[in-house]
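See below for the structure under consideration.
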Amino acid sequence: MNQAVTRRDIAANGITLHIAEAGSGPLVLLCHGWPELAYSWRHQMAPLAQAGYHVVAPDMRGYGGSSAPQAIEDYAITDLVGDMVALVAALGETRAAVVGHDWGAMVAWSCALMRPDLFHAVAALSVPFRPRHPGTPPLALLRADGRESFYWFYFNREGAPEAEFERDIPSALRRLLVHSAGDAPDGGALGLMVAPGGGFLDGREDPGERLPAWLSAADIEVYARAFRKSGFRGGFNWYRNLDRNWVLTAPLQGAKVRPPALFIAGTRDGVVASKMGRKHLEQMDEHVPQLRAKLLIDGGGHWIQQERPAEVNDALLRFLQQEYPAVSDVIGSCPDAGAGRC
């Protein structure tokens with residue numbers, strides 16, 4: 001089996017998606033988050049391919065080598081899910097498992113919610129499923145709770161976060177990735193609040209060459225090279241549709257995620273450690289009835305599939321082999337069927 005990762009452009013949903021792919025077999029989509037690339041799944045591609053899957057990681061809309069429309073309204077959740085639906089079709093498939101991290105987790109949850117006929121299994125990293133509030137959009141909820149310094153508001157200030165991150169792209173990426181990790185320097189963990197007149201990265205020292213073992217200077221350069229070309233507007237536009245997404249998903253009010261599901265996060269991830277994250281984590285079983293596990297990796301941070309790839313890969317493979325087997329016709333007759341060795 002060819003496990004080498006190859007890249008190509010593919011037309012889907014009226015845009016071009018640049019994809020990395022490996023292996024053959026049942027399709028597994030890997031959806032990255034903010035501000036990342038398909039490259040963030042570099043440790044998952046070969047193990048999934050080796051286990052008998054056709055694994056495809058796109059640069060999501062607005063990122064890397066994929067199309068990056070300028071208009072804010074081109075980044076609604078219906079567009080993002082539509083991209084994944086069209087990608088499955090463009091790859092000649094009629095079913096897929098979908099795995100997502102950070103914003104990609106929200107896309108993965110939405111894929112499973114909107115198209116359970118197409119997405120037969122879902123795994124989400126870092127961001128729990130968040131049911132739609134019946135009466136109030138998300139930014140209004142935060143205002144009512146007195147949290148107008150929450151970073152979502154800052155990211156909705158068109159131009160301000162772009163300027164902050166594009167001033168020195170490698171430095172911004174180092175500060176973000178290092179200070180949101182499980183091994184962030186003592187007292188240096190990146191918070192989710194932005195002071196009035198301040199920036200998201202304020203108070204976080206650039207670690208320079210003092211990078212953790214899971215992150216190299218070469219990794220930083222891969223990301224930086226992509227963002228020098230695309231800028232950060234596309235990624236921030238995802239946040240600028242939060243309230244619009246609430247309007248668009250009104251027909252899904254009260255709907256549950258029906259496909260089998262897995263959730264993975266690090267115990268030091270600020271998303272699940274926050275008040276809102278803890279609430280959604282605790283309530284997830286109610287809204288995801290086939291949730292098989294909530295795996296919290298001790299000491300892991302926000303970039304969990306990069307920080308702790310062995311544990312993430314083991315959990316993903318066990319889940320997929322059980323719920324979305326690579327060789328379903330022989331599962332049960334061969335102990336190694338799920339790994340594609342029969």
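The values are calculated or read from the model by the stated rules, or taken from the named source; none is laboratory data. Treat the numbers as computed from the prediction; the structure is a model and nothing was measured. Cβ atoms come from the backbone with ideal geometry, glycine included; neighbour counts cover every protein chain shown. Just so you know, the surface numbers come from the protein's heavy atoms only, side chains and all, with ligands and any DNA or RNA stripped out. Shrake-Rupley method; radii C 1.70, N 1.55, O 1.52, S 1.80 Å.
Worth pointing out:
- Selection over region 66-112 of residues that are open to solvent by 10 Å² or more (accessible area, probe 1.4 Å), in contact with a Lys or Arg (Cβ under 8 Å, 6 or more places away or on another chain) and more than 15 Å from W238 (Cβ to Cβ) gives a count of 1.
- Some residue of region 57-78 being over 30 Å from A172 (Cα atoms) and under 17 Å from the mean Cα position of the chain (by Cα): no
- Qualifying residue in region 184-196 (condition: among the charged types (D, E, K, R) and at pLDDT below 95): yes
- Search result, residues across region 235-286 that are more than 25 Å from R147 (Cα to Cα) and either open to solvent by less than 30 Å² (accessible area, probe 1.4 Å) or not in a helix (DSSP H, G or I) (or both): G254, A255, K256, V257, R258, P259, P260, A261, L262, F263, I264
- Test result for R268, in contact (Cβ under 8 Å) with a residue 12 or more places away in the chain, among the basic types (K, R) and over 30 Å from F319 (Cα atoms): no
- For region 183-199, the candidate set comprises residues that are in contact (Cβ under 8 Å) with a residue 40 or more places away in the chain and among the small types (G, A, S); within that set, the residue that is surrounded by the most Cβ atoms within 10 Å (Cβ to Cβ) is A184.
- Of the criteria (1) part of a helix (DSSP H, G or I); (2) in contact with a helix residue (DSSP H, G or I) (Cβ under 8 Å, 6 or more places away or on another chain); (3) under 30 Å from G301 (Cβ atoms); (4) among the charged types (D, E, K, R), which one D74 fails: (3)
- Scanning region 143-156 finds no residues that are under 29 Å from K275 (Cα atoms) and crowded, with 24+ Cβ neighbours inside 10 Å.
- Taken over region 102-126, the residue count meeting the criterion of being in contact with a His (Cβ under 6 Å, 6 or more places away or on another chain) and not in a helix (DSSP H, G or I) is 2.
- Counting only residues that are open to solvent by 20 Å² or more (accessible area, probe 1.4 Å), at pLDDT below 95, within 17 Å of H120 (Cα to Cα) and hydrophobic (A, V, I, L, M, F, W, C), region 287-330 holds 1 of them.
- Scope region 148-165; condition without any contact (Cβ under 8 Å) to a residue 40 or more places away in the chain and under 15 Å from D243 (Cβ atoms); matching residues: E148, R157
- Any hit, region 200-223, residues being part of a helix (DSSP H, G or I), within 20 Å of S67 (Cβ to Cβ), open to solvent by 60 Å² or more (accessible area, probe 1.4 Å) and modelled with pLDDT of 95 or more: no
- Within region 142-154, the presence of at least one residue that is part of a loop (DSSP other than H, G, I, E, B) and out of contact with any helix residue (DSSP H, G or I) (no Cβ under 9 Å at 6 or more places or on another chain) is confirmed.
- Residue within region 127-134 that is open to solvent by 30 Å² or more (accessible area, probe 1.4 Å), outside any loop (DSSP other than H, G, I, E, B) and more than 22 Å from I72 (Cα to Cα) present: no
- The one condition in (1) open to solvent by 30 Å² or more (accessible area, probe 1.4 Å); (2) in a loop (DSSP other than H, G, I, E, B) that Y63 fails to fulfil: (1)
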